[in-house]
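Some notes on the structure that comes next.
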Amino acid sequence: MQRTFWLKFSIFNFFLVALLGVIMRYKIAYSFPFLDQKHLQQAHSHFAFYGWITNAIYVLIAYYLRKVNPEINLKKYEALIVVNLLASFAMLVTFMYGSYFWGSILASAIALLGSFVFFFFFIQDSKKIHDASKIWFLGGLFFAVISSVGVINLGYMKSTNSMTMDKFLASEYYYLHYQYNGFFIFSCIGLLLFSLKEAGSGISEKKNKLLFWLMFFGCLIGYGLSVLWMKMPIYVFVVIVIATLAQTFGAVMLYDFVKKSWTNLVLKWSPMQRFVLIFAGFAFAVKIALQLGSNIPAVNQFAFGFRNIVIAYLHLVLLMCIATFLVNQILATNFFNITKPLLFGLKLLLLGIFLNEAMLGLMGIFSIKYIAIPFANHFLLLFSVLMMVSLLIIFLNLKDRQSD
């Protein structure tokens with residue numbers, strides 16, 4: 001594999017996601033009649049998931065495999081990365097053109113099938129690997145595979161005209177939950193643990209297994225938090241609460257391990273790398289706290305009842321936590337020269353993401369009393385432009401470090 005090309009491609013795709021975000025924000029604040037807003041949203045979300053996040057995770061997992069076992073042939077993974085990218089750009093175009101129709105559905109199906117094959121390849125190649133991160137990548141890819149049930153169910157209901165609002169939301173939240181909280185989060189934890197190991201802080205096998213199963217059980221059952229508005233027996237609710245508590249305990253264990261590893265990180269990581277980890281870690285802590293609070297039915301119904309709160313939460317997880325962590329991981333590969341312009345772009349990105357999340361959070365809180373923040377959409381447009389420009393700066397300054 002070309003060691004920097006696919007990582008640069010990932011950052012470029014993140015820039016395209018930001019560009020679509022700017023267009024959507026512009027349409028809300030002003031007027032842009034040439035593109036349908038709903039179609040834009042669907043193109044934006046699908047490309048963010050597959051063109052940016054999934055692609056970055058695939059590439060970073062492939063580099064992980066090369067490090068732990070240089071004998072593994074990565075050509076098949078590179079082929080899957082190409083297939084995923086082709087499907088992602090096809091989704092970008094087809095969803096912008098006509099929302100859900102045969103073209104966009106076919107592109108989505110190809111990307112989903114790609115995740116099945118990637119999971120199968122990783123299972124085969126990881127049999128001889130004995131490393132703490134392996135189980136996290138297996139868990140993440142497992143959740144990527146089962147998340148497809150939500151999309152398949154949506155397609156089935158649409159084709160049979162059996163769609164109801166409850167079924168639609170249940171299927172959509174199923175897909176989002178196992179992508180966000182499963183595939184994305186578990187893959188990021190796997191990457192984090194391997195980075196800590198390289199910095200001299202390997203986690204013990206016993207602690208790693210306990211941490212994994214707490215988080216796995218919490219994620220598997222935690223889908224129930226997304227559908228508490230549906231009528232369910234009290235014992236099911238009790239199991240959901242236990243699962244959430246398990247995941248919270250797992251998150252505390254992970255924080256404690258990172259805290260104990262901090263001395264090694266100070267020696268091996270740059271101050272900026274450590275700051276980005278704190279930035280993403282803070283977002284993850286807020287996510288866990290909100291998740292725990294949503295066990296209270298009244299709070300859950302209230303949160304899912306306000307669109308601004310849902311949007312703020314999704315951006316908290318995807319943008320402030322996962323996206324910043326992955327950008328940090330890409331730069332931490334040491335494949336690129338970390339120059340002042342590159343660091344400036346990264347700082348601008350963090351600022352734009354923080355301001356964007358702060359505004360979305362305030363909009364969510366004020367929407368409780370049906371109070372609109374003056375010029376909120378204009379500020380969100382400004383923050384979107386800031387993120388887009390910062391990603392362009394990062395991409396243009398990704399200069400290859402000379403091979404050793």
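So the values come out like this:
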item	result
Residue in the range 377-397 that is in a loop (DSSP other than H, G, I, E, B) and either among the aliphatic types (A, V, I, L, M) or within 30 Å of N334 (Cα to Cα) (or both) present	yes
Test: residue in the range 27-49 that is surrounded by fewer than 17 Cβ atoms within 10 Å (Cβ to Cβ) and of a type in the set (S, T, Y)	yes
Unique match (being over 21 Å from the mean Cα position of the chain (by Cα) and not in a helix (DSSP H, G or I)) among K207, K197, K231	K231
Near pairs, Cβ below 8 angstrom, 6+ apart or cross-chain, from the range 144-158 (outside the structural domain of N84 (by TED's automatic domain parsing) and closer than 17 Å to F49 by Cα) to any residue that is of a type in the set (D, E, K, R) and modelled with pLDDT of 80 or more	G150/E172
Options F101, F34; residue that is free of Cβ contacts under 8 Å to residues at least 40 places away in the same chain, within 22 Å of Y156 (Cα to Cα) and over 23 Å from the mean Cα position of the chain (by Cα)	F101
Residues (buried (at least 19 other Cβ atoms within 10 Å of the Cβ) and under 30 Å from F194 (Cα atoms)) located in the range 81-111	I81, N84, L85, A87, S88, A111
Pair list, Cβ < 8 Å and 6+ apart or interchain, from the range 382-396 residues that are under 10 Å from I353 (Cα atoms) to residues that are of a type in the set (S, T, N, Q) and part of a helix (DSSP H, G or I)	F383/N356; S384/N356; M387/N356
Among (1) closer than 17 Å to T4 by Cα; (2) part of a helix (DSSP H, G or I); (3) in contact with a Lys or Arg (Cβ under 7 Å, 6 or more places away or on another chain) - the single one N334 does not satisfy	(2)
Filter result (surrounded by fewer than 18 Cβ atoms within 10 Å (Cβ to Cβ) and either under 23 Å from the mean Cα position of the chain (by Cα) or not assigned by TED's automatic domain parsing to the domain that holds S195 (or both)) within the range 234-247	L245
Residue match in the range 211-226 (condition: modelled with pLDDT under 90, surrounded by fewer than 19 Cβ atoms within 10 Å (Cβ to Cβ) and at negative phi)	no
Lone qualifier among I152, I129, I146, I135 - being outside any helix (DSSP H, G or I) and touching a helix residue (DSSP H, G or I) at 6+ places or on another chain (Cβ under 9 Å)	I129
Checking F32 against (1) closer than 22 Å to N356 by Cβ; (2) part of a helix (DSSP H, G or I), the condition it does not meet	(2)
All positions within the range 312-368 that are farther than 22 Å from A56 by Cα and β-branched (V, I, T)	I365, I368
Hey, S294 modelled with pLDDT under 95 and of a type in the set (S, T, Y) or not	yes
Selection from the range 36-88 of residues that are more than 17 Å from I330 (Cβ to Cβ) and of a type in the set (K, R)	K38, K75, K76
Selection from the range 105-135 of residues that are hydrophobic (A, V, I, L, M, F, W, C) and touching a Ser or Thr at 6+ places or on another chain (Cβ under 7 Å)	A107, A111, L112
Test for A283: is it assigned to a helix (DSSP H, G or I), outside the structural domain of L191 (by TED's automatic domain parsing) and among the hydrophobic types (A, V, I, L, M, F, W, C)	yes
Residue satisfying condition, being outside the structural domain of S204 (by TED's automatic domain parsing), closer than 30 Å to K206 by Cα and among the aliphatic types (A, V, I, L, M), within set I110, I123	I123
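The values are calculated or read from the model by the stated rules, or taken from the named source; none is laboratory data. In this text, all values refer to a predicted model and were calculated from it rather than measured experimentally. Because the Cβ atoms are built from the backbone with ideal geometry, glycine has one as well, and the counts that use them run over all protein chains shown.
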